[in-house]
Amino acid sequence: MKEAIGRVLRIDAKQCVVDLDGKTLAVPLAGKLFKKKSRSKRPVAVGDLVRISVDPDEETRIEEVLPRKNRLARASAGEGKREQVLVANIDQCLLVSSLRLPPFRPRLVDRILTGCEREGIPTILLLNKLDLEQRGEGSPAKAPFENAASIQAFYEALGYPCLALSALTGEGIEALRSLLQNKVSVITGLSGVGKSSLLNAVEPGLALLTSKISDKHREGRHTTTSSSLIPLSFGGHVVDTPGIRNFAHFRLDPRELVELFPEFHRERQGCAFENCSHSHEPKCGIKDALNEGRIAPSRYASFLELLKEAK
Ligand SMILES: Nc1nc2c(ncn2[C@@H]2O[C@H](COP(=O)(O)OP(=O)(O)O)[C@@H](O)[C@H]2O)c(=O)[nH]1
Ligand SMILES: [Mg+2]
Ligand SMILES: [Zn+2]
């Protein structure tokens, strides 16, 4: 049997597109790998390295998904009982928010950040639509997230680099290009924040579809309907993803959650109880840090939301 190792570039309803030494090959999503019941909604993800049979006498098929270096995954929407791997084997995550339209959403940002922390994926925040802020259009988020400078100060203090930019004016696009160069990145965030527009700005030949923001929802429609791994002419790959409306963890142990908030780590020493959940117990180091201003109310609010869902 002839076999080869390729990388999954895109997954459609019935087939996936695999890169085999620079040539693309459509491989059906069929065979024994897809019959097994597993924790995941789908056994393959964009970015996966797969072993495929390429025997000319037989139908090509995926024999095996090679072990993943990391993966960005969430509980699948709806029943939440399966895991949905958004992308596998990445060097970094670029988490896009927009300033003003739609406004910055700290809860969603913190959720995705914990998803990246869970897998040790370095994350950079991109604050797009800086032009709206400069022109005073749209409505700002509430303090301390009312402008690019304050969001940047907030998250950089936690160790997450931030870049304010505009796909429209081109401000910050050169810096984004250097971030992307020679790395495999995933670009994610709410729909309508400008992910596809930013990629079109760094690589004008791409012509990714972008959408109009609807007035009613002040979010974009899902123009990008599936993830795809895109090669960049200046070196590197980027995965454009459909917008994320929500991000829930799949099977997260509540005790693990505190590990996903870097600034919480050292404060745990102040907890009187070994099994402190940091929600209702007296003598809690995390709550002391909150009251004394070393942990921000916004981050603690995100923590409590995720704690309620953890099991
Ligand atoms: N004013 C402004 N609008 C932008 C900018 N970037 C994207 N948009 C608009 O935001 C909408 C959604 O963009 P799109 O790239 O489809 O967002 P995606 O859903 O995150 O891929 C489109 O109408 C874009 O023209 C920007 O930097 N400034
Ligand atoms: Mg898009
Ligand atoms: Zn505690």
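Could you figure out which of (1) at pLDDT 95 or above; (2) of a type in the set (A, V, I, L, M, F, W, C); (3) in contact with a helix residue (DSSP H, G or I) (Cβ under 8 Å, 6 or more places away or on another chain) isn't true of A248?
(1) is the only condition that A248 fails.
Mind listing whichever residues of region 106-125 are out of contact with any strand residue (DSSP E or B) (no Cβ under 7 Å at 6 or more places or on another chain) and assigned to a loop (DSSP other than H, G, I, E, B)?
We begin by selecting, within region 106-125, every residue out of contact with any strand residue (DSSP E or B) (no Cβ under 7 Å at 6 or more places or on another chain); these are 106-108, 110-111, 114, 117-118, 120.
G120 - this is the single residue of region 106-125 that is out of contact with any strand residue (DSSP E or B) (no Cβ under 7 Å at 6 or more places or on another chain) and assigned to a loop (DSSP other than H, G, I, E, B).
Quickly run through region 274-284 and pick out the residues that are touching a Phe, Trp or Tyr at 6+ places or on another chain (Cβ under 9 Å) and buried (at least 18 other Cβ atoms within 10 Å of the Cβ).
H278, C284
Restricting attention to region 259-273, which residues are near ligand 3 (Cβ under 8 Å from one of its atoms) and either under 26 Å from the mean Cα position of the chain (by Cα) or open to solvent by 80 Å² or more (accessible area, probe 1.4 Å) (or both)?
Selection gives R268, F273.
So R100 clears everything in (1) in contact with a helix residue (DSSP H, G or I) (Cβ under 7 Å, 6 or more places away or on another chain); (2) within 22 Å of L257 (Cα to Cα); (3) open to solvent by 10 Å² or more (accessible area, probe 1.4 Å) except one condition, right? Which one?
With (1) in contact with a helix residue (DSSP H, G or I) (Cβ under 7 Å, 6 or more places away or on another chain); (2) within 22 Å of L257 (Cα to Cα); (3) open to solvent by 10 Å² or more (accessible area, probe 1.4 Å) applied to R100, the lone miss is (2).
Just a yes or no: is a residue in region 181-203 under 14 Å from S233 (Cα atoms) and near ligand 2 (Cβ under 10 Å from one of its atoms)?
Yes - at least one qualifying residue is present in region 181-203.
Here's the yes/no breakdown for (1) open to solvent by 20 Å² or more (accessible area, probe 1.4 Å); (2) hydrophobic (A, V, I, L, M, F, W, C); (3) at pLDDT 95 or above:
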| residue | (1), (2), (3) |
| --- | --- |
| R10 | yes, no, no |
| L20 | yes, yes, no |
| T24 | yes, no, no |
| K32 | yes, no, no |
| R42 | yes, no, no |
| I52 | no, yes, no |
| S76 | no, no, no |
| L86 | yes, yes, no |
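Between E119, E137, which is surrounded by fewer than 20 Cβ atoms within 10 Å (Cβ to Cβ), charged (D, E, K, R) and touching a residue at least 40 places away in the same chain (Cβ under 8 Å)?
Numbers: E137 fails: touching a residue at least 40 places away in the same chain (Cβ under 8 Å).
Of the residues listed, the single one that is surrounded by fewer than 20 Cβ atoms within 10 Å (Cβ to Cβ), charged (D, E, K, R) and touching a residue at least 40 places away in the same chain (Cβ under 8 Å) is E119.
Hey, can you tell me all the residues within region 126-144 that are part of a helix (DSSP H, G or I) and more than 23 Å from the chain's Cα centre (by Cα)? First the steps, then the outcome.
Here is the first cut: in region 126-144, the ones part of a helix (DSSP H, G or I) are 130-135.
Of everything in region 126-144, those that are part of a helix (DSSP H, G or I) and more than 23 Å from the chain's Cα centre (by Cα) turn out to be D131, L132, E133, Q134, R135.
Does A148 fit the bill of being free of Cβ contacts under 8 Å to residues at least 60 places away in the same chain, of a type in the set (A, V, I, L, M, F, W, C) and away from ligand 2 (no atom under 16 Å from the Cβ)? Step through it out loud before you land on a result.
Values: free of Cβ contacts under 8 Å to residues at least 60 places away in the same chain: yes; of a type in the set (A, V, I, L, M, F, W, C): yes; away from ligand 2 (no atom under 16 Å from the Cβ): yes.
Spelling it out, A148 is indeed free of Cβ contacts under 8 Å to residues at least 60 places away in the same chain, of a type in the set (A, V, I, L, M, F, W, C) and away from ligand 2 (no atom under 16 Å from the Cβ).
Of all residues in region 65-74 being under 24 Å from S178 (Cα atoms) and without any contact (Cβ under 8 Å) to a residue 60 or more places away in the chain, which is most open to solvent (accessible area, probe 1.4 Å)? Please lay out each step first, then the result.
Let us first name the residues in region 65-74 that are under 24 Å from S178 (Cα atoms), namely 69-72.
Filter once more, so that each one left must be without any contact (Cβ under 8 Å) to a residue 60 or more places away in the chain: 69-71.
Values: K69: 129, N70: 12, R71: 49 Å².
The qualifying residue most open to solvent (accessible area, probe 1.4 Å) is K69.
Which of the residues spanning region 150-191 are surrounded by fewer than 23 Cβ atoms within 10 Å (Cβ to Cβ) and on the phi > 0 side of the Ramachandran plot?
The answer is G159, G170, G172, N182.
Any residue at all in region 274-295 that's aliphatic (A, V, I, L, M), within 26 Å of the chain's Cα centre (by Cα) and under 21 Å from P144 (Cβ atoms)?
Of region 274-295, the ones aliphatic (A, V, I, L, M) are 286, 289-290, 295.
Checking the rest, the ones that are also within 26 Å of the chain's Cα centre (by Cα) come to 295.
Now narrow it down to the ones that are under 21 Å from P144 (Cβ atoms): 295.
For region 274-295, residues aliphatic (A, V, I, L, M), within 26 Å of the chain's Cα centre (by Cα) and under 21 Å from P144 (Cβ atoms): present.
Would you mind stating whether K2 is free of Cβ contacts under 8 Å to residues at least 40 places away in the same chain and at negative phi? First the steps, then the outcome.
On the way: free of Cβ contacts under 8 Å to residues at least 40 places away in the same chain: no; at negative phi: yes.
No: the conditions fail for K2.
For region 176-207, which residues satisfy the criterion of being in contact with a strand residue (DSSP E or B) (Cβ under 9 Å, 6 or more places away or on another chain), within 15 Å of ligand 1 (Cβ to nearest atom) and in a loop (DSSP other than H, G, I, E, B)?
The answer is G189, L190, S191, G192, V193, G194, E203, L206.
The values are calculated or read from the model by the stated rules, or taken from the named source; none is laboratory data. Since we're looking at a predicted model, the values are computed, not measured. Positions of Cβ are backbone-derived with ideal geometry, glycine not excepted, and every protein chain shown enters the neighbour counts. The protein model used for the area step is the full one, side chains on, heavy atoms only, and it has no ligands, DNA or RNA in it. Shrake-Rupley method; radii C 1.70, N 1.55, O 1.52, S 1.80 Å.
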